[in-house]
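A.B. asks: Below: one structure in C-alpha coordinates.
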Amino acid sequence: MAKARKDNRGRALRKGESQRTDNTYVYTYTDPFKKRRFVYARDLQTLREKEADLIKNQLDGLDVYVAGSATLNYVFDRYMSTKYDLRRTTRSNYIYMYDHFVREGFGQRKIGEIKYSDVMYFYYYLLNEKDLQANTVDTIHTVLHPTFQLAVRDGIIRMNPSDGVMADIKRKAGKNKGIRHALTIEQQRAFMNYTANNPVFYHWHPLFTVLLGTGCRIGK
(Lines give C-alpha, C1' and ligand atoms only; values in the text may rest on other atoms or scores of the structure.)
Protein backbone atom coordinates (compact mmCIF):
# COMPACT_ATOMS: atom_id res chain seq x y z
CA MET A 1 0.00 0.00 0.00
CA ALA A 2 1.38 3.39 -1.04
CA LYS A 3 2.28 5.76 1.74
CA ALA A 4 0.09 8.86 1.93
CA ARG A 5 1.81 12.08 0.92
CA LYS A 6 1.92 14.86 3.51
CA ASP A 7 2.57 18.58 3.52
CA ASN A 8 5.36 20.23 5.55
CA ARG A 9 3.06 20.36 8.58
CA GLY A 10 2.42 16.62 8.49
CA ARG A 11 -1.13 16.81 7.11
CA ALA A 12 -2.15 14.08 4.68
CA LEU A 13 -2.75 15.28 1.14
CA ARG A 14 -5.59 13.99 -0.98
CA LYS A 15 -5.34 12.63 -4.49
CA GLY A 16 -4.30 15.42 -6.85
CA GLU A 17 -3.00 17.65 -4.06
CA SER A 18 0.65 18.59 -3.66
CA GLN A 19 2.82 21.23 -2.06
CA ARG A 20 5.55 23.08 -3.94
CA THR A 21 8.93 24.14 -2.60
CA ASP A 22 7.62 27.70 -2.06
CA ASN A 23 4.88 26.18 0.17
CA THR A 24 2.11 26.90 -2.37
CA TYR A 25 -0.54 24.19 -2.59
CA VAL A 26 -1.61 22.78 -5.95
CA TYR A 27 -4.57 20.66 -7.00
CA THR A 28 -4.10 18.89 -10.34
CA TYR A 29 -6.96 17.45 -12.39
CA THR A 30 -7.91 16.61 -15.98
CA ASP A 31 -10.83 18.42 -17.62
CA PRO A 32 -13.38 16.77 -19.98
CA PHE A 33 -11.18 17.69 -22.94
CA LYS A 34 -8.31 15.63 -21.48
CA LYS A 35 -6.34 18.77 -20.71
CA ARG A 36 -4.43 18.96 -17.47
CA ARG A 37 -5.50 21.82 -15.20
CA PHE A 38 -4.11 23.32 -12.00
CA VAL A 39 -5.66 25.14 -9.04
CA TYR A 40 -3.36 27.08 -6.70
CA ALA A 41 -3.71 28.39 -3.15
CA ARG A 42 -1.46 29.74 -0.39
CA ASP A 43 -2.91 27.38 2.22
CA LEU A 44 -4.50 23.94 2.27
CA GLN A 45 -7.91 25.12 3.51
CA THR A 46 -8.29 27.59 0.62
CA LEU A 47 -7.18 24.95 -1.85
CA ARG A 48 -9.84 22.55 -0.63
CA GLU A 49 -12.49 25.26 -0.79
CA LYS A 50 -11.55 25.76 -4.44
CA GLU A 51 -11.72 21.99 -4.96
CA ALA A 52 -15.21 21.95 -3.43
CA ASP A 53 -16.35 24.75 -5.74
CA LEU A 54 -14.95 22.87 -8.71
CA ILE A 55 -16.78 19.68 -7.72
CA LYS A 56 -20.02 21.64 -7.13
CA ASN A 57 -19.77 23.17 -10.58
CA GLN A 58 -19.25 19.75 -12.12
CA LEU A 59 -22.23 18.32 -10.24
CA ASP A 60 -24.36 21.27 -11.34
CA GLY A 61 -23.38 20.56 -14.91
CA LEU A 62 -21.69 23.96 -15.18
CA ASP A 63 -19.03 23.93 -17.89
CA VAL A 64 -16.43 26.08 -16.18
CA TYR A 65 -14.01 25.45 -19.03
CA VAL A 66 -16.26 27.01 -21.65
CA ALA A 67 -17.17 29.80 -19.23
CA GLY A 68 -13.50 30.53 -18.80
CA SER A 69 -12.81 30.91 -22.52
CA ALA A 70 -16.04 31.81 -24.31
CA THR A 71 -16.49 35.51 -25.00
CA LEU A 72 -19.78 37.35 -25.24
CA ASN A 73 -19.10 37.63 -28.98
CA TYR A 74 -18.89 33.86 -29.29
CA VAL A 75 -22.21 33.33 -27.53
CA PHE A 76 -23.93 36.11 -29.50
CA ASP A 77 -22.82 34.56 -32.81
CA ARG A 78 -24.04 31.19 -31.56
CA TYR A 79 -27.37 32.73 -30.53
CA MET A 80 -27.86 34.40 -33.91
CA SER A 81 -27.14 31.13 -35.69
CA THR A 82 -30.17 29.62 -33.90
CA LYS A 83 -32.56 32.41 -34.97
CA TYR A 84 -33.48 30.95 -38.34
CA ASP A 85 -36.97 32.49 -38.24
CA LEU A 86 -35.93 36.15 -37.94
CA ARG A 87 -36.94 38.51 -40.68
CA ARG A 88 -33.99 39.62 -42.79
CA THR A 89 -34.40 43.25 -41.75
CA THR A 90 -34.62 42.31 -38.07
CA ARG A 91 -31.53 40.13 -38.32
CA SER A 92 -29.61 42.87 -40.10
CA ASN A 93 -30.63 45.39 -37.44
CA TYR A 94 -29.57 43.11 -34.58
CA ILE A 95 -26.19 42.41 -36.16
CA TYR A 96 -25.66 46.09 -37.01
CA MET A 97 -26.39 47.22 -33.44
CA TYR A 98 -24.20 44.52 -31.93
CA ASP A 99 -21.26 45.04 -34.30
CA HIS A 100 -21.28 48.82 -33.87
CA PHE A 101 -21.78 49.10 -30.11
CA VAL A 102 -20.84 45.79 -28.48
CA ARG A 103 -18.44 43.60 -30.44
CA GLU A 104 -15.19 45.56 -30.27
CA GLY A 105 -15.29 46.31 -26.56
CA PHE A 106 -17.79 44.75 -24.19
CA GLY A 107 -18.28 41.77 -26.48
CA GLN A 108 -14.65 40.68 -26.06
CA ARG A 109 -15.11 40.03 -22.37
CA LYS A 110 -15.38 36.48 -21.09
CA ILE A 111 -19.05 35.80 -20.52
CA GLY A 112 -18.39 33.89 -17.30
CA GLU A 113 -16.90 37.05 -15.73
CA ILE A 114 -19.67 39.51 -16.65
CA LYS A 115 -21.77 40.65 -13.68
CA TYR A 116 -25.00 42.60 -13.33
CA SER A 117 -23.15 45.81 -12.51
CA ASP A 118 -20.93 45.36 -15.60
CA VAL A 119 -24.01 45.31 -17.83
CA MET A 120 -25.47 48.35 -16.08
CA TYR A 121 -22.21 50.34 -16.39
CA PHE A 122 -22.04 49.38 -20.07
CA TYR A 123 -25.58 50.63 -20.72
CA TYR A 124 -24.86 53.90 -18.91
CA TYR A 125 -21.68 54.22 -20.96
CA LEU A 126 -23.77 53.94 -24.13
CA LEU A 127 -26.22 56.53 -22.81
CA ASN A 128 -23.76 59.05 -21.40
CA GLU A 129 -20.56 58.61 -23.41
CA LYS A 130 -21.91 57.45 -26.75
CA ASP A 131 -25.00 59.69 -26.48
CA LEU A 132 -27.33 56.90 -27.56
CA GLN A 133 -31.04 57.29 -27.05
CA ALA A 134 -32.67 55.10 -24.41
CA ASN A 135 -34.72 53.30 -27.05
CA THR A 136 -31.48 52.41 -28.90
CA VAL A 137 -29.99 50.94 -25.71
CA ASP A 138 -33.26 49.07 -25.24
CA THR A 139 -32.77 47.52 -28.70
CA ILE A 140 -29.23 46.46 -27.75
CA HIS A 141 -30.64 44.94 -24.56
CA THR A 142 -33.18 43.06 -26.68
CA VAL A 143 -30.21 41.30 -28.28
CA LEU A 144 -27.96 40.90 -25.24
CA HIS A 145 -30.54 39.51 -22.82
CA PRO A 146 -31.39 36.40 -24.90
CA THR A 147 -27.68 35.94 -25.63
CA PHE A 148 -26.96 35.69 -21.91
CA GLN A 149 -30.04 33.50 -21.51
CA LEU A 150 -28.68 31.06 -24.07
CA ALA A 151 -25.50 30.82 -21.99
CA VAL A 152 -27.65 30.05 -18.93
CA ARG A 153 -29.54 27.30 -20.76
CA ASP A 154 -26.31 25.86 -22.14
CA GLY A 155 -24.91 25.65 -18.62
CA ILE A 156 -22.12 28.16 -19.25
CA ILE A 157 -23.30 30.58 -16.55
CA ARG A 158 -25.80 30.15 -13.72
CA MET A 159 -27.62 33.48 -13.88
CA ASN A 160 -28.41 36.05 -16.55
CA PRO A 161 -26.46 39.21 -15.57
CA SER A 162 -28.72 41.42 -17.70
CA ASP A 163 -31.90 40.49 -15.82
CA GLY A 164 -33.59 43.66 -14.55
CA VAL A 165 -30.96 46.09 -15.84
CA MET A 166 -33.22 48.00 -18.23
CA ALA A 167 -35.97 48.13 -15.61
CA ASP A 168 -33.56 49.86 -13.21
CA ILE A 169 -32.44 52.30 -15.88
CA LYS A 170 -36.04 53.15 -16.82
CA ARG A 171 -36.93 53.60 -13.16
CA LYS A 172 -34.10 56.06 -12.62
CA ALA A 173 -34.92 57.94 -15.81
CA GLY A 174 -38.64 58.03 -15.06
CA LYS A 175 -41.28 55.51 -16.06
CA ASN A 176 -40.82 54.62 -19.74
CA LYS A 177 -38.96 57.92 -20.31
CA GLY A 178 -37.18 57.84 -23.64
CA ILE A 179 -38.38 54.30 -24.44
CA ARG A 180 -40.63 53.81 -27.44
CA HIS A 181 -42.83 50.74 -27.64
CA ALA A 182 -44.67 49.44 -30.70
CA LEU A 183 -48.45 49.47 -30.74
CA THR A 184 -50.13 46.16 -30.11
CA ILE A 185 -52.33 44.65 -32.84
CA GLU A 186 -55.43 45.69 -30.90
CA GLN A 187 -54.13 49.25 -30.54
CA GLN A 188 -53.36 49.42 -34.25
CA ARG A 189 -56.88 48.27 -35.13
CA ALA A 190 -58.42 50.82 -32.77
CA PHE A 191 -56.26 53.59 -34.25
CA MET A 192 -57.12 52.66 -37.85
CA ASN A 193 -60.84 52.41 -37.07
CA TYR A 194 -60.73 55.82 -35.43
CA THR A 195 -58.98 57.54 -38.36
CA ALA A 196 -61.20 55.81 -40.93
CA ASN A 197 -64.41 57.06 -39.28
CA ASN A 198 -63.25 60.44 -38.05
CA PRO A 199 -64.51 63.38 -40.18
CA VAL A 200 -61.26 65.29 -39.58
CA PHE A 201 -58.64 62.58 -40.01
CA TYR A 202 -60.28 60.14 -42.45
CA HIS A 203 -58.33 61.55 -45.42
CA TRP A 204 -55.09 60.49 -43.65
CA HIS A 205 -56.31 56.90 -43.38
CA PRO A 206 -54.56 55.64 -46.58
CA LEU A 207 -51.26 57.15 -45.40
CA PHE A 208 -51.55 55.54 -41.96
CA THR A 209 -52.36 52.24 -43.65
CA VAL A 210 -49.10 52.39 -45.62
CA LEU A 211 -47.03 53.47 -42.61
CA LEU A 212 -48.37 50.74 -40.32
CA GLY A 213 -48.29 48.08 -43.02
CA THR A 214 -44.72 48.74 -44.21
CA GLY A 215 -42.98 50.21 -41.17
CA CYS A 216 -41.91 53.24 -43.22
CA ARG A 217 -41.06 56.46 -41.43
CA ILE A 218 -41.63 60.04 -42.54
CA GLY A 219 -38.31 61.83 -42.95
CA LYS A 220 -37.56 65.50 -42.83
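The values are calculated or read from the model by the stated rules, or taken from the named source; none is laboratory data. None of these values were measured; they are calculated from a predicted model. Cβ placement follows ideal geometry from the backbone for every residue including glycine, while neighbour counts extend to all protein chains displayed.
A.B. asks: Please determine whether any residue of segment 98-120 is closer than 19 Å to Gly155 by Cα, free of Cβ contacts under 8 Å to residues at least 12 places away in the same chain and not assigned by TED's automatic domain parsing to the domain that holds Val143.
C.D. replies: no
A.B. asks: Pairs please, first residue from segment 69-96 and closer than 17 Å to Leu150 by Cα and touching a residue at least 60 places away in the same chain (Cβ under 8 Å), second anywhere and of a type in the set (S, T, N, Q) and assigned to a helix (DSSP H, G or I), Cβ atoms under 8 Å, 6+ apart in sequence or on different chains.
C.D. replies: Cβ pairs passing all conditions: Leu72/Gln108; Leu72/Thr147; Val75/Thr147; Phe76/Thr147; Tyr79/Thr147.
A.B. asks: Please determine, by comparing only the residues of segment 1-27 that are polar (S, T, N, Q) and part of a strand (DSSP E or B), which one is nearest to Ile55 (Cα to Cα). Spell out the reasoning first.
C.D. replies: Taking segment 1-27 as the starting set, the residues that turn out to be polar (S, T, N, Q) are 8, 18-19, 21, 23-24.
From what is left, the residues that are part of a strand (DSSP E or B) are 18-19.
Numbers: Ser18: 18, Gln19: 20 Å.
Only one residue fits best here, namely Ser18.
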